1. Taking only pairs six or more apart or across chains, which ones have beta-carbon atoms under 8 Å, a first residue in the range 54-75 that is closer than 12 Å to Leu124 by Cα and touching a residue at least 40 places away in the same chain (Cβ under 8 Å), and a second residue that is among the β-branched types (Val, Ile, Thr) and open to solvent by 20 Å² or more (accessible area, probe 1.4 Å)?
2. State which residue pairs qualify: first residue closer than 18 Å to Ile74 by Cβ and inside the range 152-163, second residue β-branched (Val, Ile, Thr) and in a helix (DSSP H, G or I) in any location, beta carbons under 8 Å apart, and separation of 6 or more residues or different chains.
3. Within the bounds of the range 216-237, is there any residue that is under 27 Å from Val129 (Cα atoms) and either surrounded by 14 or more Cβ atoms within 10 Å (Cβ to Cβ) or modelled with pLDDT of 90 or more (or both)?
4. Among the residues of the range 135-146, is there at least one that is in a loop (DSSP other than H, G, I, E, B), of a type in the set (A, V, I, L, M) and open to solvent by 80 Å² or more (accessible area, probe 1.4 Å)?
5. Would you pick out the residues in the range 126-152 that are in contact with a Gly (Cβ under 8 Å, 6 or more places away or on another chain) and either charged (D, E, K, R) or farther than 16 Å from Leu181 by Cβ (or both)?
6. If the Cβ limit is 6 Å and pairs must be 6+ apart or interchain, which residue in the range 196-214 that is more than 18 Å from Thr186 (Cβ to Cβ) pairs with which residue that is assigned to a helix (DSSP H, G or I) and of a type outside the set (Gly, Ala, Ser)?
7. Counting only residues that are over 27 Å from Gln32 (Cβ atoms) and of a type in the set (Ser, Thr, Tyr), which one in the range 46-92 is surrounded by the fewest Cβ atoms within 10 Å (Cβ to Cβ)?
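The values are calculated or read from the model by the stated rules, or taken from the named source; none is laboratory data. As the structure is a prediction and not an experimental result, all values here were calculated from the model. With ideal geometry, Cβ positions are generated from the backbone for all residues, glycine too; neighbour counts draw on all protein chains shown. Surface areas here come from the heavy atoms of the whole protein model, side chains and all, with no ligands, DNA or RNA. Shrake-Rupley method; radii C 1.70, N 1.55, O 1.52, S 1.80 Å.
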Amino acid sequence: MSTPLEYYNSLPPVSKFYGMACLMTTSALYLQLYNPWIIALDYTLVIKKFQVWRLVTNFFFLGPFSVPFAFDLIIIARYGVSLEKGTFDKRTADFVWMFIFGALSLLVMAIIPILSSPFMGGSLVFMIVYVWSREYPNARINIYGLVSLKGFYLPWAMLTLDLLFGVPLMEDILGMVAGHLYYFLTVLYPLSGGKYIFKTPIWVHKIVAYWGKGSQMNSPVDRDPFAGVAFRGRSYRLNGTPTRPAHHGHQDQDHNQRPNHQANDNGGVFRGRSYRLSGN
């Protein structure tokens, strides 16, 4: 069995980032570092006071430490990771776009007062469940080790359990709507003969390329070769001569052809004719 650190390092970047962001948000609340209503979705404050961060931060709060919070993290770790390693393998930008599209869809639905919620993270997590169920409809899953069913019925089974446990269903239903809208535009409509126009925007490719995590097949943007590099530039030895990469063979030849008086400088700070105190 792998250690927790090995498991953490094996997680794909997008699912890891979202899961850790949600965990850190709840941990900060547990430590009483902030008031949760500062990050809640409130269109009145967004419009009148330009608190635009609320459009993003509300998706990272899955509630306080509790059993539902643990289930949401398990969903990200199981079904989010399964999607990212399976359907979206080497399609990191497309997976990021799925999250962004889902968030945008939920924000539009939240404009309607009856559908609004201060925190839409649970709906975004349920969207992951719905998309997974459509991508793996024949996968066998067990519910509490009691019921075995196909993956296609997973969202409906979870919806039924929430109904039996008295959990409000609006959060799950909004996630299903967002997930079905994404799946319809990216899979069902093109398969029915429609033109595939729902491509991942170029700016999403640029963000992923700059981030330097994951990979994207046939990406229109080259990955940033310096992603994750803190310092760039030429390095120098203590004797003042610049270091040279080993693969730059032509530079080594040029260095060997330099005049001897440059090679014998030895990194001296002051160079020129010396004089004795007598003036000679």
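1. Asn58/Ile39; Phe60/Thr25; Phe60/Ile39; Phe61/Thr25; Phe61/Ile39; Leu62/Thr25
2. Cβ pairs passing all conditions: Leu154/Val129; Pro155/Val129; Met158/Val129; Leu159/Ile173.
3. So far as the range 216-237 goes, yes, one or more of its residues are under 27 Å from Val129 (Cα atoms) and either surrounded by 14 or more Cβ atoms within 10 Å (Cβ to Cβ) or modelled with pLDDT of 90 or more (or both).
4. yes
5. As a first pass, look at the range 126-152 and keep what is in contact with a Gly (Cβ under 8 Å, 6 or more places away or on another chain): 126-141.
If the condition is that a residue be in contact with a Gly (Cβ under 8 Å, 6 or more places away or on another chain) and either charged (D, E, K, R) or farther than 16 Å from Leu181 by Cβ (or both), then Arg134, Glu135, Tyr136, Pro137, Asn138, Ala139, Arg140, Ile141 are the ones that fit.
6. Lys213/Pro13; Gly214/Pro13; Gly214/Thr92
7. In this case the residue turns out to be Thr87.
One line per residue, one yes/no per condition, for (1) touching a residue at least 60 places away in the same chain (Cβ under 8 Å); (2) assigned to a loop (DSSP other than H, G, I, E, B); (3) among the acidic types (Asp, Glu); (4) loosely packed, with under 11 Cβ neighbours inside 10 Å:
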{"site": "Glu6", "(1), (2), (3), (4)": "no, no, yes, yes"}
{"site": "Cys22", "(1), (2), (3), (4)": "yes, no, no, no"}
{"site": "Ser27", "(1), (2), (3), (4)": "no, no, no, no"}
{"site": "Gln32", "(1), (2), (3), (4)": "no, yes, no, yes"}
